[in-house]
1. Can you work out which of the residues in region A:94-105 that are open to solvent by 10 Å² or more (accessible area, probe 1.4 Å) and of a type outside the set (Gly, Ala, Ser) is nearest to the other protein chains (Cβ to nearest Cβ)?
2. Within region B:205-219, can you find the residues that are in a loop (DSSP other than H, G, I, E, B), open to solvent by 50 Å² or more (accessible area, probe 1.4 Å) and either under 16 Å from B:Ile385 (Cα atoms) or in contact (Cβ under 8 Å) with a residue 12 or more places away in the chain (or both)?
3. For region C:24-35, indicate whether the set of residues that are open to solvent by 10 Å² or more (accessible area, probe 1.4 Å), acidic (Asp, Glu), in contact with an Asp or Glu (Cβ under 9 Å, 6 or more places away or on another chain) and under 30 Å from C:Gly8 (Cα atoms) is non-empty.
4. With (1) touching a Phe, Trp or Tyr at 6+ places or on another chain (Cβ under 9 Å); (2) within 23 Å of A:Leu104 (Cα to Cα) as the list, and D:Phe13 as the residue in question, which single condition is left unmet?
5. How many residues are hydrophobic (A, V, I, L, M, F, W, C) and surrounded by fewer than 19 Cβ atoms within 10 Å (Cβ to Cβ) if we restrict to region A:28-59?
6. Would you check if there is a residue in region C:72-92 being in a helix (DSSP H, G or I), closer than 12 Å to C:Val142 by Cβ and assigned by TED's automatic domain parsing to the domain that holds C:Val142?
7. Quick check on this structure: which one of D:Ala224, D:Ala216 is open to solvent by less than 10 Å² (accessible area, probe 1.4 Å) and either under 25 Å from A:Trp121 (Cα atoms) or within 14 Å of chain B (Cβ to nearest Cβ) (or both)?
8. Looking only at helices (runs of 4 or more DSSP H) that fall completely inside region D:95-201, which ones have 3 or more residues that are of a type in the set (Val, Ile, Thr) and surrounded by fewer than 24 Cβ atoms within 10 Å (Cβ to Cβ)?
Amino acid sequence: MKRKTFFLFSSIAIGCFSLLPFLWFVLTSWKTPSEIEAIPPQIIPSFYWGFYRSALEQYGLLRYMGNSVIVAGATTLFTIAIGSLAAYALARFRLSWTRFYLMLLLAISMFPQIAVAGPVWRILNYLNWLNSYHGVIAAYITLSLPMGIWIMTTFFKELPYEVEEAALVDGCTRLQVLWKVVLPLAAPGLFTAAILIFIHAWNEFFFALLILTNPTLQTLPVGIALFPGEYTMPWGEIAAASTMATLPLVFLTLLFQRRIVRGLSAGAVKG
Amino acid sequence: MKFSHKGLLDISTLVGFLLLSCAAGYAQTQVRFVTWRADPQWVWDQAIADFEAQNPGIRVVREVGPHSSTEFHDLLTQKLKNRDPEVDVFFMDVIWPAEFAAAGWALPLERFFSRAEQKEFLEAAIQANTYQGQIFGVPVFIDAGLLYYRKDLLKKYGFSPPRTWPELVDQAKTILEKEKDPQLTGFSAQFKQYEGLVCNMMEYILSNGGSLWDEREYKSTLNLPKAKEAVRFVRDRMIGEISHRGVMAYQEPESLALFTQGRAIFHRNWPYAWEAANDPKKSKVSGRVGMEALPAFPGGKSVATLGGWQLGISRFSRKPDLAWKFVASMTGKESQRRIGLFTSRAPTRKQLYRDPEILKKNPQFESEFQTFLRAVPRPRTPVYIPLSNIMQRYFSSAVVVPNSDLDPLASLASRDMDRVLDLLREKGRP
Amino acid sequence: MAGLEVRGLSKSFGDTRILEEISFDVAEGEFCVLLGPSGCGKTTLLRLVAGLEAPSTGTISIGDKRIDPLPPRERDIAFVFQSYALYPHMNVFDNLAFSLRLRGFSKQEIQSKVTEAARLLELEAHLERKPQELSGGQRQRVAVGRAIVRRPKIFLFDEPLSNLDAALRAGMRIELAQLHRKLQATILYVTHDQAEAMTLGEKIMVLDKGKLQQMGNPSAIYHKPANTFVARFVGSPQMNLIEGKLDDKGIVFRAGESRIDLSGALSGHGADYAAKDLTVGIRPEDFHPTAPDGAWIRGEVEIVEDLGSDKFVHIRSGHAKLVARIAPDVGLNRGEILGLAAAPNRLHLFSNGKRINK
Amino acid sequence: MSHSHRAALQFLFPSFLFVLVFTLFPIVESFRLSFYRLILTLPWLGQKFVGWENYRDLLTDPVALHSLLTTLMFVAVTTPLEVLFGLGMALVLSESFRGRGYLRAIVLVPWAIPTVVSSQMWRFIFNDRYGLFNFFLFGDDTSRYLAPLADLSLAPIAIIVAEIWKTSSFAFLIILAGLQAIPTDLYEAASMDGATVWQKFRYVTLPLLKPALLLALLFRTIDALRVFDLVFVMTQGGPADATNVLQFYGYKKSFAEGMIGYGSAISVVVFFLSLLLSLIYIRSMGSRMLQTVEAR
């Protein structure tokens, strides 16, 4: 059947387009130093693990990963906490200025980092927060709040409002309603938002580069970007580190593909 | 109003907890040293261990920065802009002392580092650490541009190492023609748009009798004929006739790889390349490598750009005396000897170039010494980085496009440089 | 326990007036039904009492205490939502216990109160289940149970039976009535179903377009509708409303071919309305067939609905369409001419929409 | 102030604090500093008010103009291509076939990879000696190997390829969601009316997909304007500034050269550029988006 072969062909093409370049890099991480520099390139590696060892031991990959986990994890936690408060208010109070606030969030989510980078750097400097986890986490919370708030607002709005009113009549304060009723009910939505915020924070480079100059605090993207030394270009270690940095994300993506699709398109295309 | 703050309180407690857990406590008598990860590690560990042994109760805390000059610069300057009292001693690339001195970040070392003591070191390295008549750093090792070549190939065709750049091109062309190896190229160096490009281009321009800018008049000299001639030569002949186009994206590692894989006849690099090129594990041309001072243009003098790293002391250090003790130990004879013996770096104390043990291990030092003595630092100025960025841009656009008109590019670069240099004239500050 | 007192309550959203100057009382222990078509503002009124909306003007008090400035949780009221609004993430027991926990009752107290409510509502077997595992009727009971565990001062019901099927609705109606008797609770109950209102309400308030149309016991609402809206809204099939004119003497009402002698119904006030437009209302069951000659109304039979217990005849008289209930054994055919009359005391007379006879 | 105003304020305050301190204030501060000459490495020059001078310099700064052009070119080339690729992938992956779930997840892989990693990856692929790119094009014939990152016209293309690979899957996500929102009975009705596959696409899919396509385009435009990681890792702006983009130039000026005033002027220009785009965006999509999130 013509149609069937067309779909088969295009599916394979799409799969190759998406996966092959990265697969090539993963294969590179298993090559020996001479295989990496072979001309023409050698496709099949001899599964040499030395670059993983040196990435871990000499280049401190584990430390970078640990930093990334701390930074991305804390960013996610705080953004969800602060963002869910805001999202709840935005989903439930229709006031003239809440509308403006939503638009403001939308607008600032689009500003390039350089538009604010200098003064942000000076504020963090003033607070003595440069080269600290909380400095970069504070910047990341600001970066991820707009996206987080929009996604959570969409999810909150879909919850049955009467259940919240029932809780109000039953004796809850607004905050208790949020904590005891809305958050448990919106858990899938929160989870989706959390995955997206986590991935976003895990991958962010600009502010990490600016704020974290101390290698013991640097996150994976900064680490990987700065692997090349003055006189060295350690492709093997870079490939190994890249593979390990990406694995958790690929895993998350494969596992939560549906949620991610829904989260990213939340509020965007419906209606 | 009635509103439960319990939930908010939980959140703020959590914030507080996180902030507290991030703030680490520091012990008292520490010397904090901002450095990068040098090879081999043990040489530095040993130097620090020696210092700690001689000064009981004092601990050296190393903060290891990125192993790239630009990134390390950003790390360090951020700390210094921040007046971070946690920094005592730091590594400096050879182009930074002026900037750090002018910005008031580096401590002048006159009261520790006497003229007599300075005489022990290579003059070029001392000169690079001197700004406005004061000294701001102690050189740890020195770098200078050198010409590496394939001894075997030159011998095969009866050439002696080239003295001039045109000679180099001609030799390379002859060899390429006769070898008929499509993998082989004539020359490999660093022409990517980055600081190394300035180092490379400076060697051509100065060896043609030109200069980057006039340090007295604060005027760019890149648009003068001598400078333009050198740049044109690089574009048309060095790159145009004997190099692979890829060199325009090469920094040191890529250009060295080309040479060690036996795919380049001539190679410009720093002293460290000698060991790498002669290490049979890393190099296919080990034992077939020769080294010379860089060629010059006919009638010009060979010029090697000075590189290398220095130790400086932060003006915001709370214990400058202790910091100096540490610097003195790290640049002392014993440490310098170890550098000469066990790293592929060149030491900065002159006497080590007469040390038989070192010369036995590193015979190349003997010929390098002359180059080190004559090596030329890049002009010292606090606005070096912006000037360098302008020059990088100019050199890159000049060499990348084969038939471009150099004149407008050069005058544009000069105009931009003059604008920056004008800043130095203000308020009577030279 | 105490009664509810509402005074001058108004609510607007922007320029839209939802409620206008509503005042009423619900006595302690009284079952009061708020009846009206959808969109009349009855749910808004309930939400104002619950504190889920803020009134534009007016006061709400329970006993002597004003509650309108208080947030919902401090008003001591319970609300049964149309959608039940059960907490989907809690099982039945937790749904029932939620408000008690918030109020800091001890474990034993909660246990005993919840068990008692569950027994009363026959939910004991389902305490461990989540709401989505329950049938519609069971969910409805849980919603009621959630209200009664707390013994609040006032119960508010927002069309609690509208999501049930007809059979279940009838059953629940009776159960609610029994529950009210057992608990002696003060209830404000919103519905658009007049049958529900008539069976449950001790007092019925009819609301339309944000205004209170009539308030009274079910019999008064049915037999003495205060205006044409109430007359039309209460009763099924609807009351026949015939628009026409009174003659100069104030005795005979004419509408098309129909002639109705109103001397009995107006009992002397006829002169006040002489030569004026009037509306005469007659409930279908109040008609009795007479010989077409001399009948008040003559019409052609269009449809005969036989419900078994009752027989409804739809007739056309001139432009008017009327419905009459006739004895099940009377045989009628389409196209027949039927004459109708009614007892004078069964007539409802309206002028400008307002009732004018006693 | 009414109860709900107060409650809303309390809930929004923490987030607003972040927005205020780390976004609104910095923008105002950048604006203020852009009227000063402040050079970190020349502290004795102080902070001197220079009016519009930084902006005038910017207008005559060929590098700034060039990086603006490069940025705009980058945006103009990448975004339509990404949307086109995303549309193609979404059309294929909205059909039902075996393994569709896996393929969808695979398509998301580039999106999930850190940009720094994908930049290093493409830098490696575009290597002039042992890169896959050359091998793919020329096989063993090493004499024809190109050096894309050293070439004035190839380097921007290399960056564009890397960007398209990384972000087409984002466009795919948005467009897929849009496709799924189109009711299937419309296609059934169109089939009954005798529409061909192309006609169904042209008269049913495309018009109903317009909002999603627009959204993907705008999202990508705004994001492409921010390109930084790719340039930082792959080329550092070279060769000959062929890949120097606004965000990278601003970073260099402010953070490497210490030209705070001039750097701030670049920040302000970038800010207004993105503000313009986001206003266009909010005008065209804002109310639609508001409807889906706003309070009842």
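The values are calculated or read from the model by the stated rules, or taken from the named source; none is laboratory data. For clarity, every value in this text was computed on a predicted model and none was experimentally measured. With ideal geometry, Cβ positions are generated from the backbone for all residues, glycine too; neighbour counts draw on all protein chains shown. Quick note on the areas: whole protein, heavy atoms, side chains included, nothing else; ligands and nucleic acids left out. Shrake-Rupley method; radii C 1.70, N 1.55, O 1.52, S 1.80 Å.
1. Only one residue tops the list, namely A:Arg94.
2. B:Gly209, B:Glu215
3. Taking every residue of region C:24-35 in turn, at least one turns out to be open to solvent by 10 Å² or more (accessible area, probe 1.4 Å), acidic (Asp, Glu), in contact with an Asp or Glu (Cβ under 9 Å, 6 or more places away or on another chain) and under 30 Å from C:Gly8 (Cα atoms).
4. Going through (1) touching a Phe, Trp or Tyr at 6+ places or on another chain (Cβ under 9 Å); (2) within 23 Å of A:Leu104 (Cα to Cα) one by one, D:Phe13 breaks only (1).
5. Going through region A:28-59 one residue at a time, the tally reaches 7.
6. Yes - at least one qualifying residue is present in region C:72-92.
7. It is D:Ala224.
8. Answer list for region D:95-201: D:154-180.
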